[in-house]
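The values are calculated or read from the model by the stated rules, or taken from the named source; none is laboratory data. Predicted, not measured: the structure shown is a model, and the values here were computed from it. As a convention, Cβ positions derive from the backbone with ideal geometry for all residues, glycine included, and neighbour counts pool all protein chains shown.
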Amino acid sequence: MQTFSRSLPMLLYRTLDAVMPRFRSIFGKFGLTEQQWRVLRVLWELDGLSLLDLAEITRIPAPSLVGVVDRLSKSGLVERRRSEIDRRVVFVHATAAGKRLEEQVRPEIARAYSELQSLVEASDWDRLISGMEGVIAACEQHEDQIEAVNQ
């Protein structure tokens with residue numbers, strides 16, 4: 001077994017502790033929580049997602065996501081629209097104000113990424129991203145295999 005400080009969960013937590021303050025200060029400047037940021041960030045790329053798809057992509061549990069979307073809606077940054085095909089399905093869209101916010105936030109986020117990337121070699125950054133993606137893909141594939149066996 002790995003030593004506690006070198007265990008994967010602790011390294012991930014320590015990495016978050018090292019990285020997130022840069023981003024949290026940006027979110028705070030614009031009056032956003034991390035969860036609100038995740039929702040907006042996804043909608044800026046994939047506008048008009050169902051609540052269930054949004055929950056899956058952002059990794060925010062659906063019951064919690066409802067509150068996050070409520071607060072973003074009250075702020076005028078997103079809106080809900082019911083599906084005309086299936087009224088049980090609700091889609092979330094960034095409003096014009098939500099899209100304007102992206103124009104304000106994006107340069108600051110880009111600076112934060114640039115600063116982080118300048119702290120490590122480009123090849124190390126690329127290996128880090130690829131390595132994390134590899135771990136995620138392997139774990140998801142394993143979960144899918146377990147699900148298939150259990151069906």
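Within the range 35-70, can you find the residues that are assigned to a helix (DSSP H, G or I), within 21 Å of Arg106 (Cβ to Cβ) and not β-branched (Val, Ile, Thr)? Selection gives Gln35, Gln36, Trp37, Arg38, Leu40, Arg41, Leu43, Trp44, Glu45, Leu54.
From the list Glu133, Glu143, Glu103, exactly one residue is surrounded by fewer than 10 Cβ atoms within 10 Å (Cβ to Cβ) and without any contact (Cβ under 8 Å) to a residue 24 or more places away in the chain. Which is it? Walk me through it before giving the result.
Details: Glu133 fails: surrounded by fewer than 10 Cβ atoms within 10 Å (Cβ to Cβ); Glu143 fails: surrounded by fewer than 10 Cβ atoms within 10 Å (Cβ to Cβ).
After applying the criteria, what remains is Glu103.
If you check Ser83, Ser123, Ser130 for being farther than 16 Å from Arg38 by Cβ, of a type in the set (Ser, Thr, Tyr) and modelled with pLDDT under 95, only one passes: Ser83. Annotation: Ala62 fulfils all but one of (1) surrounded by 12 or more Cβ atoms within 10 Å (Cβ to Cβ); (2) in contact with a Leu (Cβ under 8 Å, 6 or more places away or on another chain); the unmet one is (1).
In the list Ala97, Ala112, which residue meets the criterion of being touching a residue at least 60 places away in the same chain (Cβ under 8 Å), in a helix (DSSP H, G or I) and small (Gly, Ala, Ser)? The conditions single out Ala112. Sub-6 Å Cβ pairs linking a first residue in the range 24-50 that is closer than 16 Å to Arg100 by Cβ to a second residue that is small (Gly, Ala, Ser), at least 6 apart or interchain, are Leu43/Ala94; Asp47/Ala94, ordered by first then second residue.
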